[in-house]
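For reference, the structure discussed in these notes is given below.
The values are calculated or read from the model by the stated rules, or taken from the named source; none is laboratory data. Computed from a predicted structure; not experimentally measured. Using ideal geometry, Cβ is built from the backbone for each residue, glycine included, and neighbour counts are taken over all protein chains shown.
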Amino acid sequence: MKTQVAIIGGGPSGLLLSQLLHVRGISSVVLERKTKDYVLGRIRAGVLERGLVGLMEEAGCADRMHAEGFTHDGTLVSYGDEIFRIDFSAHTDATVMVYGQTEVTRDLYAAREAAGGHIEYEVENVVIQDAKSDAPFVTYNVHGEARRIDCDFIAGCDGFHGVSRRTIPEDVRKEYEKVYPFGWLGVLSETPPVNDELIYANSPRGFALCSMRNSNLSRYYIQCSTSDNPDDWTDDAFWDELKKRIPKDQADKLVTGPSIEKSIAPLRSFVTEPMQWGRLFLCGDAAHIVPPTGAKGLNTAASDVHYLYNALRDYYEKGADEGVRNYSAKALARVWKAERFSWWFSSLMHRYPDQTEFDLKMQIAELEFLRSNTAAQKAMAENYVGLPY
Ligand code: APR
Ligand code: PHB
């Protein structure tokens, strides 16, 4: 089989890239290790930057997002019973879209299927071959049959545990990592959100986040120990703990109900450099991970897709290879800024096991500075709505 771009991984990065290329008449094949239902079963964050909203529009996949998503022009930050708002519209010319990542993925699958896009599911033993040559190819197995795709370029969109990053030789690749000493216990419940806007809460008992999917679907998180098991947290224990971590006036109006999903996610910052090796390009979680505070995971994947998509367009439409040559440098410049914001926001909001009394005072001083200083609010708002591509 022959295609222009072989895409490893059918998560949001791979699907978005494939659909955008299709709109420009560039062919691709997506190779996904799991089934579509499995991919759509993963629950992830739900805040989209304007850049991702724009890419979904360009991909022709934005109708349901615009109909069902919610525009947010601010977010709430609390510490103890104090609460303040970061007003995005006052400090930037942008807003964010609250729309679940799972729904983004569902819309992209629907668009790929409607366009007759080629996605192979349940592929095994994907091996990237000759990435340093002008004629790379990918070999893999599907239902016991060995297959091969010849292509011009390979996009490694196969997430943190994928094969693409590890194809880059160890003496070329440098990895940067920080693992946080806590996790997030997340609950999805069919209850109205406690507030119209998200609340990021710093409390002496640890971080909490009140988020949402729609008017009757709420997503809440509390900081927990990495050794906790979600099954050890009853719904009642979760709601009791959440109420203790958000301001009292919010806790008093919190509507609780049975959880329909409960899971624990670890927190990690990770970047690999470079993000390209010959004709192999890494996108999204394959190249970097952020802690979820600020919801930059999918959004940073989207900025990679933006750079790669435009580089490939320049290559095919104008015969220009500058974008392709500079992909890693361009993508990484923005990745590191998203890493910084996610690390900063995480550091500001969580309890750390080794925090001293001084460290705690610094957190509160920084929150009070943010609350009262418009320059600090502007910096936060610009990062939250998404730095320009
Ligand atoms: N071969 C084929 N597919 C693979 C392989 C492999 N060897 N390894 C992994 N995959 C698939 C996974 O099954 C998954 O569906 O690649 C896909 C990667 O998807 P994600 O992990 O969702 O990564 P990405 O598309 O970059 O999305 C980034 O989604 O993962 C979240 O938090 C992340 O929000 C961020 C965004
Ligand atoms: C979510 O809705 O799941 C969510 C929102 C904002 C975050 C993280 C997760 O910062």
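Quick notes on this one:
Here's the yes/no breakdown for (1) more than 19 Å from the chain's Cα centre (by Cα); (2) within 16 Å of ligand 2 (Cβ to nearest atom); (3) more than 25 Å from Gly294 (Cα to Cα):
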{"residue": "Val104", "(1), (2), (3)": "no, yes, no"}
{"residue": "Glu120", "(1), (2), (3)": "yes, no, yes"}
{"residue": "Ile128", "(1), (2), (3)": "yes, no, yes"}
{"residue": "Phe137", "(1), (2), (3)": "yes, no, yes"}
{"residue": "Ile149", "(1), (2), (3)": "yes, no, yes"}
{"residue": "Ala155", "(1), (2), (3)": "no, no, yes"}
{"residue": "Ala201", "(1), (2), (3)": "yes, yes, no"}
{"residue": "Leu209", "(1), (2), (3)": "no, yes, no"}
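- Subset of segment 219-243 [in contact with a Ser or Thr (Cβ under 7 Å, 6 or more places away or on another chain) and among the basic types (Lys, Arg)]: Arg219
- Which numbered condition Phe84 fails, given (1) touching a Gly at 6+ places or on another chain (Cβ under 7 Å); (2) within 21 Å of Asn373 (Cα to Cα): (1)
- Some residue of segment 262-278 being over 30 Å from Gln19 (Cα atoms) and acidic (Asp, Glu): no
- In segment 37-65, residue surrounded by the fewest Cβ atoms within 10 Å (Cβ to Cβ) [restricted to those that are hydrophobic (A, V, I, L, M, F, W, C) and more than 18 Å from Arg112 (Cα to Cα)]: Ile43
- Matching residues, segment 73-127, being within 16 Å of ligand 1 (Cβ to nearest atom), among the hydrophobic types (A, V, I, L, M, F, W, C) and surrounded by fewer than 19 Cβ atoms within 10 Å (Cβ to Cβ): Val127
- Failed criterion for Met275 (all others in (1) closer than 29 Å to Leu76 by Cβ; (2) surrounded by 19 or more Cβ atoms within 10 Å (Cβ to Cβ); (3) touching a strand residue (DSSP E or B) at 6+ places or on another chain (Cβ under 8 Å); (4) of a type in the set (A, V, I, L, M) hold): (1)
- The set of residues in segment 274-289 that are within 8 Å of ligand 1 (Cβ to nearest atom) and in contact with a helix residue (DSSP H, G or I) (Cβ under 6 Å, 6 or more places away or on another chain) comprises Cys283, Gly284, Ala286.
- Residue list for segment 128-140, restricted to those being within 15 Å of ligand 1 (Cβ to nearest atom) and surrounded by fewer than 14 Cβ atoms within 10 Å (Cβ to Cβ): Thr139
- Selection of segment 8-60 for residues being assigned to a loop (DSSP other than H, G, I, E, B), more than 26 Å from Asp93 (Cα to Cα) and either near ligand 1 (Cβ under 10 Å from one of its atoms) or out of contact with any strand residue (DSSP E or B) (no Cβ under 9 Å at 6 or more places or on another chain) (or both) yields Gly9, Gly10, Gly11, Arg24, Gly25, Glu32, Arg33, Lys34, Thr35, Gly41, Arg42, Arg44.
- Of all residue pairs spaced 6 or more apart or on separate chains, those with beta-carbon atoms under 6 Å, a first member in segment 19-47 that is at pLDDT 95 or above and a second member that is polar (S, T, N, Q) and more than 16 Å from ligand 2 (Cβ to nearest atom) are Leu21/Ser28; Ile26/Gln4; Ser27/Thr3; Ser27/Gln4; Ser28/Thr3; Ser28/Ser18; Val29/Thr3; Val30/Ser18.
- Options Arg268, Arg245, Arg205: the member that is within 23 Å of the chain's Cα centre (by Cα) and either surrounded by fewer than 17 Cβ atoms within 10 Å (Cβ to Cβ) or basic (Lys, Arg) (or both): Arg268
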